[in-house]
Amino acid sequence: MYIGLISDTHGIFDDRFREFLEPVDQIWHAGDFGGGMELAEQIASFKPLVGVAGNCDNHELRFIHPLHRFFECEGMKVLMTHIGGYPGRYDPRARALIDEYRPDIFVCGHSHILKVVRDTKRNMLVINPGAAGIQGFHVVRTALRFHIDQGRIHSMEVFELDR
């Protein structure tokens, strides 16, 4: 499966990100959609969407996109939540979810900083796609796309756009 990964759109999903994500089969959104249900529905009408709510998302959106999701994709267990952290510095709630679910891939957002790192202690890949929107301190807007096939993640590509 070909996955597009974004986070922290804060109400923005423009044509340049659509072009980058056009070939993917599914979009994962790691929270802070912004714009309420309208933006989430816009993304979902473009590509199938799996998302979680962020700290800036309203209660209406949280009925459709919960605070965390645990699912399987092509033989890999995936845990997604908005506020997550990194190896050695996980948010306490995220760490409890990681310990409960033991995912192969942990996806989070919130920091607005793109980071892909392996947690060797927990044998999982931690992925934060950075921020696709224009709200926040970041100077580069980012997104990721990658393939997951038969329990293997590969061919990861980064999209960068000046804010």
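The values are calculated or read from the model by the stated rules, or taken from the named source; none is laboratory data. Note that the structure is a prediction, hence the values are computed from the model and not measured. Cβ atoms come from the backbone with ideal geometry, glycine included; neighbour counts cover every protein chain shown. The area values use the complete protein model at the heavy-atom level, side chains included, leaving out ligands, DNA and RNA. Shrake-Rupley method; radii C 1.70, N 1.55, O 1.52, S 1.80 Å.
List of remarks:
- Built amide H within the under 5 Å cut-off of Cys73, gap 5+: Val78
- Summed residue charge, Cβ within 15 Å of Asp57's Cβ, Lys/Arg positive, Asp/Glu negative: -3
- C-alpha center-to-center spacing [region 84-106, region 1-73] in angstrom: 21 Å
- Of the trypsin sites (Lys or Arg not before Pro) in region 90-148, the ones in a loop by DSSP (not H, G, I, E or B) with at most 11 other beta carbons within 10 Å are Lys121.
- Each helix, a run of at least 4 DSSP H residues, gives -39500 (n - 2.57); summed and divided by the residues of the chain, these come to -5500 deg cm²/dmol at 222 nm.
- Of all beta bridges that DSSP places with both ends in region 54-163, some 80 percent have antiparallel geometry.
- Backbone N under 18 Å from the Arg118 label point (7 Å along Cα→Cβ), restricted to region 148-163: 148-157
- Region 1-47, accessible surface, carbon-and-sulfur percent (1.4 angstrom probe): 43 percent
- Region 58-163 - percent of accessible surface contributed by carbon and sulfur, probe 1.4 Å: 50 percent
- Alpha-carbon Rg with Dmax, taken over the chain, Å: 14.3, 39
- Approximate spin-label separation Arg95-Ile134, in nm, with each point projected 7 Å along Cα-to-Cβ: 3.8 nm
- Maximal additional length on extending the Asp15-Glu72 stretch stands at 17.6 nm, based on 0.36 nm per residue less the C-alpha distance.
- For the chain, the solvent-accessible area with a 1.4 angstrom probe is 48 square angstrom per residue.
- Put simply, the amide H of Gly51, placed in the peptide plane, has neighbours under 5 Å in His29, leaving out anything fewer than 5 places away on its chain.
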